[in-house]
Amino acid sequence: MPTLKQQPIPKPFESHFAKVGIQVKPYASVEQFEKDLMVFLQRNHVLHLSLCKDNTPRSTPLEYRLDGMVFYVLSAGGAKFGYLERNNNVSFSIAEPYDSNADYFGYKGLQAWGTAEIISKSEHGEAFDRAFSKLNCEEILEQLGVAELLPGMNYRFIKLTPHRIKYQNPREGIFRVTWKRDG
């Protein structure tokens, strides 16, 4: 059962938040927070996946699809798979652009920590096909003007299961809320 931790507003921020019209939502339930988080996740589609192998970090922007609170990335290759084979612990972030000079508290973003699983079309055909269908990946192909995945490529899903998410979006009343998958 997921849990939430909502940090209190630091004393120096209280008067400033009031002055600029920010009212932080107190979350009474995990479900209430997840609903607000899902609004943010559904209006965005790119995450920055951070990996580490042999003390060498790597960050890659990738398009994602959602299945509840699990993220899927479809990819045909890249060095990220070598990293994931050595270390499936990941972090990723998602943020919306904002101008801090115009509105310092206009930022919207999250950090997540979890694990990754590779679902290969060649090795896990049925699981790959189920994910492809469930995530409506046909839309991606339509946008590219192709009827099917290009042959000769090693298509894989990276299934990202976050164990912890920290989300902030002060203008929408969300300030330093941490969601944990298993308490």
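List of remarks:
- Some residue of region 135-154 being more than 24 Å from PHE92 (Cα to Cα), open to solvent by 10 Å² or more (accessible area, probe 1.4 Å), charged (D, E, K, R) and assigned to a loop (DSSP other than H, G, I, E, B): yes
- Taking the listed residues PRO26, PRO12, PRO61, PRO8, the one that is open to solvent by 40 Å² or more (accessible area, probe 1.4 Å) and at pLDDT below 90 is PRO12, with no other qualifying.
- Evaluation of HIS124 against the conditions (1) under 19 Å from LEU84 (Cα atoms); (2) touching a residue at least 12 places away in the same chain (Cβ under 8 Å) shows that the sole unmet condition is (2).
- Candidates LEU66, LEU84, LEU74, LEU47 - the one that is in contact with a Cys (Cβ under 8 Å, 6 or more places away or on another chain) and of a type in the set (A, V, I, L, M): LEU74
- If you go through region 89-115 and keep only what is surrounded by 17 or more Cβ atoms within 10 Å (Cβ to Cβ) and within 12 Å of PRO162 (Cα to Cα), you end up with VAL90, SER91, PHE92, LEU110, GLN111, ALA112, GLY114.
The values are calculated or read from the model by the stated rules, or taken from the named source; none is laboratory data. It should be emphasised that the depicted structure is a prediction, and the values quoted were computed from it without experimental measurement. Note that we place each Cβ from the backbone using ideal geometry, even for glycine, and neighbour counts take in every protein chain shown. Side chains included, ligands, DNA and RNA excluded: accessible areas come from the protein's heavy atoms. Shrake-Rupley method; radii C 1.70, N 1.55, O 1.52, S 1.80 Å.
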